[in-house]
Amino acid sequence: MQYANGMLCATATSNKIPVKSIHLFKLELEKLMVILKDTNIKVVSCNNNGFTVYVNGITLQVLSLSNIVTLFEIFVDKIYDVYLPQKGGERSLNLRTMISLME
């Protein structure tokens, strides 16, 4: 991990988020670091309120601590068997929608 120009950057993946947004995830910093370093997860946009990732054909907004935990459990730990069929292209979901799909 590197710090440059107000951004925390995972050097292996080039995923980066503003340092000012880290406080949102301070209780799960370890999971945040693993997500940023994961080669299957790409940060596609970010601001001081969170960031957006692209993973497995899905775009997800990560705006809270619970979003980090859910993203980690689904796409890193893979403790849930989530199947999201692709119909005519990519899907864009927020993690709250994904949680409701799993219930």
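Side notes on the structure shown:
- In the stretch 27-43, of all residues being crowded, with 16+ Cβ neighbours inside 10 Å and acidic (Asp, Glu), the one that is farthest from Val69 (Cα to Cα) corresponds to Asp38.
- Within the stretch 72-82, being farther than 17 Å from Lys31 by Cβ and in a helix (DSSP H, G or I) holds for no residue.
- Enumeration of residues in the stretch 44-71 that are assigned to a helix (DSSP H, G or I) and buried (at least 19 other Cβ atoms within 10 Å of the Cβ): Asn67, Ile68, Thr70, Leu71
- Scanning the stretch 1-26 for residues that are of a type in the set (A, V, I, L, M, F, W, C) and either surrounded by 13 or more Cβ atoms within 10 Å (Cβ to Cβ) or under 15 Å from the mean Cα position of the chain (by Cα) (or both) turns up Met7, Leu8, Cys9, Ala10, Ile17, Val19, Ile22, Leu24, Phe25.
We did not get these values from a lab; they are worked out from the coordinates using the rules stated. Worth saying up front: this structure is predicted, and the values here are computed from it rather than measured. As a convention, Cβ positions derive from the backbone with ideal geometry for all residues, glycine included, and neighbour counts pool all protein chains shown.
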